Amino acid sequence: MKGLLIKDLINLKKSFGTIIAMIVLYFLFAYQSGDPSILVGMIVFLLTMMSITSMSYDDMAKWDKFALSMPISRKTIVYSKYILAVLLSLAGLVLSTGIGYIVILLKAKMSIQEYLVASYAIFVLSMAFICIIIPLIFKFGVEKSRLMMMGAIIIPMIIGYVISKSGISMPSENQLMTILKLSPLLVVLALYISSTISYNIYKKKDL
Amino acid sequence: MDILKAENLTKHYSGFSLNKISFNLPKGSIMGLIGENGAGKTTTIKLLLNLIKKDSGKITIFGLDNIKHEMKIKQDIGVVLDESSFHDNLKPKDISTFMGNIYDKWDNKKFFDYLNIFNLPQNKILKDYSKGMKMKLSIAAALSHNPKLLILDEPTGGLDPVVRSEILDIFMDFIQDDEKSILFSTHVTSDLDKIADYITFIHKGNLVFTESNDEINDNYGIIKCGINEFNKIDRKDILGHRKNKFGYEVLINNKQNSIYRDFIIDPANLEDIMLYHIRGDINEGSVD
């Protein structure tokens, strides 16, 4: 497991440079406007997406076949991708919180509490995204999953839009807070279900 | 003792089946797996490594079932696969970093020693490596956790004769202590004439034979003769024949038989055996 994670991080090393450049850019932008909320979305999401990038690198090198000929089980390969995604998202969360905190300290245009809630909500969304997309990649491969990935982003947006237009009242702040409090449990549950599905797909795959 | 034992390996695909392949690989020896493209060499290797599920059959490696004890067995196997390898943007140092976390017995010093022996540049990424360099790197990585068994799919394919002979030397070194073995597939049969102790020949998913190189040298031969002599050859000894304007060239697998005492028999190398066998298959029934 550790070996696989190290392999992924080394492979992603180059992309981290790009991410840091983007973070600096967004930081300047956020500082200028005094609103760090765009920043958090970008950082968390970019970092989470890198776990998908690592899967496409593996695909290109036909790595899985090689990895499975080593003392690495199919379970380990599947779980390592989830762990990588969670670690990267958490790193994004910590990073964006830190940077957002600085921006707010310098130019207090929103409360820190508000900002933390927004950061966390985006983390939860990115976890939801991972839970949908990783099983699809194990099933169809990275290339074929790209369109579905777009779907996984756009369809919920459309649904949200339709709901907001249809006049159904938005949940109250209290209801939202309840959902927020339950969310850690929901995230863990979703990760568990998704990784089990992925493993069952991958277990049967002939390589 | 056998390091590897395959019994009746069977795997069906639509359009291709591997049928009841059996062979044993003793300690301290090199076995070549030969056959035409698509014969089932890679499928056999994938079954040994449990990359694909077998339909039936049994595989024992180091005396253990290959699925029940998969992780334990794989700690002691070094693998080189034909079409998959390390990522293009890695450097050798990166590989040693994570391989050390995969194999319990990974030996960094050994890995870098091999890189030096093979003249592989350490500050280049793999994308800038040639095909031969990549293959040598894969072999270096496969050797650096002190495996007891090497399984290699086409390790010499597409390489020039100099690199190929270097790689064969490494293989010879590897089995010197009589404890370790190598199984490798190839269609460059001249490599095997040099170093293989055993040959397993697969054709269209079926086992043609699995024999020691000595048995092959003792029994197989090519008779060049005219029609009269050709008719004297026992039909069941004939594996294949070619007819040309000077007469017949016949591959037989029983040259010790006294009825061939007066024949001129040339030694048959593996390439002859493969060619005659596969062509004999095409000419089936035309021997008369």
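The values are calculated or read from the model by the stated rules, or taken from the named source; none is laboratory data. These figures come from a predicted structure and were not determined experimentally. Positions of Cβ are generated from backbone atoms using ideal geometry, with glycine treated the same way; all protein chains shown enter the neighbour counts. In case anyone asks, the SASA skips ligands and DNA or RNA and just uses the protein heavy atoms, side chains included. Shrake-Rupley method; radii C 1.70, N 1.55, O 1.52, S 1.80 Å.
Kindly list, by first and then second residue, each pair from a residue in region B:18-30 that is on the phi > 0 side of the Ramachandran plot to a residue that is part of a loop (DSSP other than H, G, I, E, B) and buried (at least 16 other Cβ atoms within 10 Å of the Cβ), limited to pairs with Cβ atoms under 8 Å and residues at least 6 apart or on different chains.
Pairs found: B:Gly28/B:Ile175; B:Gly28/B:Lys180.
Given the residues B:Leu137, B:Leu149, which is the only one that is more than 10 Å from chain A (Cβ to nearest Cβ), under 25 Å from the mean Cα position of the chain (by Cα), surrounded by 19 or more Cβ atoms within 10 Å (Cβ to Cβ) and free of Cβ contacts under 8 Å to residues at least 60 places away in the same chain?
After ruling out the rest, the residue left standing is B:Leu137.
Looking for whichever is closer than 29 Å to B:Gly38 by Cβ, in contact with a Cys (Cβ under 9 Å, 6 or more places away or on another chain), acidic (Asp, Glu) and surrounded by fewer than 19 Cβ atoms within 10 Å (Cβ to Cβ) here; the options are B:Glu211, B:Glu249. Which one fits? Write out each step before concluding.
Details: B:Glu211 fails: in contact with a Cys (Cβ under 9 Å, 6 or more places away or on another chain).
The conditions single out B:Glu249.
So, of the residues in region B:47-76 that are of a type in the set (Asp, Glu) and without any contact (Cβ under 8 Å) to a residue 60 or more places away in the chain, which turns out to be nearest to the other protein chains (Cβ to nearest Cβ)?
B:Glu70
Would it be correct to say that B:Asn123 is in a helix (DSSP H, G or I) and either more than 14 Å from chain A (Cβ to nearest Cβ) or in contact with a strand residue (DSSP E or B) (Cβ under 7 Å, 6 or more places away or on another chain) (or both)?
Taking the combined requirement at face value, the residue does not satisfy it.
Tell me which of these A:Gly167 doesn't satisfy, since it passes every other one: (1) of a type in the set (Gly, Ala, Ser); (2) assigned to a helix (DSSP H, G or I); (3) surrounded by fewer than 17 Cβ atoms within 10 Å (Cβ to Cβ).
It fails just one condition, (2).
Check B:Pro147, B:Pro155 and return the single one that is in the same structural domain as B:Phe171 (by TED's automatic domain parsing), modelled with pLDDT of 95 or more and assigned to a loop (DSSP other than H, G, I, E, B).
Every option except B:Pro147 fails the conditions.
If we scan region B:2-16, do we find a residue that is in contact with a His (Cβ under 8 Å, 6 or more places away or on another chain), closer than 16 Å to B:Thr200 by Cβ and modelled with pLDDT under 95?
Scanning region B:2-16 turns up no residue that is in contact with a His (Cβ under 8 Å, 6 or more places away or on another chain), closer than 16 Å to B:Thr200 by Cβ and modelled with pLDDT under 95.
Could you tell me whether region B:77-90 includes any residue that is more than 7 Å from chain A (Cβ to nearest Cβ), more than 24 Å from the chain's Cα centre (by Cα), modelled with pLDDT under 95 and open to solvent by 20 Å² or more (accessible area, probe 1.4 Å)?
no
Would you call B:Glu179 in contact (Cβ under 8 Å) with a residue 24 or more places away in the chain and surrounded by 16 or more Cβ atoms within 10 Å (Cβ to Cβ)?
Considered against the rule, which asks whether it is in contact (Cβ under 8 Å) with a residue 24 or more places away in the chain and surrounded by 16 or more Cβ atoms within 10 Å (Cβ to Cβ), B:Glu179 comes out as no.
For region B:204-224, does any single residue satisfy the condition of being modelled with pLDDT under 85 and at positive phi?
Scanning region B:204-224 turns up no residue that is modelled with pLDDT under 85 and at positive phi.
Yes or no: B:Thr44 crowded, with 17+ Cβ neighbours inside 10 Å, farther than 14 Å from B:Asp2 by Cβ and in contact (Cβ under 8 Å) with a residue 40 or more places away in the chain?
yes
Evaluate the following for B:Gly57: is it under 14 Å from B:Leu183 (Cβ atoms), in the same structural domain as B:Ile175 (by TED's automatic domain parsing) and open to solvent by less than 50 Å² (accessible area, probe 1.4 Å)?
Here the answer is no, as B:Gly57 does not meet what is asked.
Of the residues that sit in region A:20-29 and are closer than 24 Å to A:Met127 by Cα and modelled with pLDDT under 85, which one is least open to solvent (accessible area, probe 1.4 Å)?
This residue is A:Ile23.
All but one of (1) among the β-branched types (Val, Ile, Thr); (2) facing chain A (nearest Cβ under 9 Å); (3) in a helix (DSSP H, G or I); (4) open to solvent by less than 40 Å² (accessible area, probe 1.4 Å) hold for B:Thr97; which doesn't?
Here B:Thr97 meets the rest and fails (4).
Is region B:101-116 home to any residue that is open to solvent by less than 50 Å² (accessible area, probe 1.4 Å), more than 12 Å from every other protein chain (Cβ to nearest Cβ), in a loop (DSSP other than H, G, I, E, B) and more than 24 Å from A:Thr76 (Cβ to Cβ)?
Checking region B:101-116: not a single residue is open to solvent by less than 50 Å² (accessible area, probe 1.4 Å), more than 12 Å from every other protein chain (Cβ to nearest Cβ), in a loop (DSSP other than H, G, I, E, B) and more than 24 Å from A:Thr76 (Cβ to Cβ).
Could you please give the count of residues in region A:140-157 that are aromatic (Phe, Trp, Tyr) and either open to solvent by less than 50 Å² (accessible area, probe 1.4 Å) or in contact with a His (Cβ under 9 Å, 6 or more places away or on another chain) (or both)?
The total comes to 0.
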